[in-house]
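The values are calculated or read from the model by the stated rules, or taken from the named source; none is laboratory data. All values derive from a computational prediction rather than experimental measurement. Virtual Cβ from ideal backbone geometry, glycine too; neighbours counted across all protein chains shown. To get the accessible areas, we keep the full protein, side chains included, count just its heavy atoms, and leave off ligands, DNA and RNA. Shrake-Rupley method; radii C 1.70, N 1.55, O 1.52, S 1.80 Å.
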Amino acid sequence: MKIGIFGLGQMGSAMIRGYLRTNTLSPADVLVKGGRSQTAKKVSNSLGLTLIDNLTELAEASLILIATNPASVLSVLESLPEEVTANRIPIVSVAGGVSLDEMGAVLGADYPLAHSIPNTAVEVNQGVLGIAYAE
Ligand SMILES: NC(=O)c1ccc[n+]([C@@H]2O[C@H](COP(=O)([O-])OP(=O)(O)OC[C@H]3O[C@@H](n4cnc5c(N)ncnc54)[C@H](OP(=O)(O)O)[C@@H]3O)[C@@H](O)[C@H]2O)c1
């Protein structure tokens, strides 16, 4: 299973490290879209993940995680190409303060969305998280 992730800061990299640690995912399964700095590139290089430029590459993912700053979440959703949204690839945001209703207003109220708030202990598979699902 491939997953896509936006943002490899503290939380994004903690989640991916947790998946790799348990072999839930292999590095080749992870497609990363980074932000403006070199952060995602550095982490991707050190973990062997694939950094993407073209968002259509996310069409092969089974799940997309959004671990950007809250202010970027809705613009990230707006940037998703038709190839991704037409496949109705489930999206999970871990960003604080951006509700399922706000995300659904961009992608449609019936789009498969979830909002989760984990903690960075997910990096060592000891995390505690809350999760809410759209209808
Ligand atoms: N840290 C926690 O304990 C924690 C707990 C629960 C929830 N969260 C949530 O997790 C999210 C990330 O938090 P964090 O602590 O990991 O922050 P962070 O370390 O600042 O990481 C955020 C990352 O998002 C990237 N980014 C911003 N806009 C982007 C875009 N349009 N496309 C791709 N990447 C983008 C940034 O990349 P550049 O800097 O390169 O632009 C940055 O590396 C936040 O929404 C926060 O509310 C965090």
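Numbers below:
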{"quantity": "Accessible area of the stretch 18-85 belonging to carbon and sulfur atoms, whole % at 1.4 Å probe", "calculated": "46 percent"}
{"quantity": "Computed lengthening from S37 to E135, 0.36 nm per intervening residue step minus Cα-Cα distance", "calculated": "31.8 nm"}
{"quantity": "Principal axis dimensions, largest first and in whole angstrom, of the chain by Cα", "calculated": "36, 32, 27"}
{"quantity": "Most mobile listed residue (A28, A14, A40) in the chain, GNM with C-alpha springs under 10 Å", "calculated": "A28"}
{"quantity": "Contour excess over end-to-end distance, with Cα ends at S62 and Q126 and 0.36 nm allotted per residue", "calculated": "20.6 nm"}
{"quantity": "Sparse-neighbourhood loop sites, trypsin sites (Lys or Arg not before Pro) in the stretch 1-109 - DSSP loop, at most 10 other Cβ within 10 angstrom", "calculated": "R36"}
{"quantity": "Karplus (6.51, -1.76, 1.60) ³J(HN,Hα), θ = phi - 60°, over the stretch 8-16, in Hz, Gly and Pro reported as x", "calculated": "10, x, 4, 6, x, 6, 4, 5, 5"}
{"quantity": "Solvent exposure, largest accessible area first (probe 1.4 Å, DNA, RNA and ligands not counted), of T68, T56", "calculated": "T56, T68"}
{"quantity": "Estimated D of the stretch 88-135 in µm² per second, where Rh is the Kirkwood radius over Cα pairs and Stokes-Einstein applies at 20 °C, 1.002 mPa s", "calculated": "189 µm²/s"}
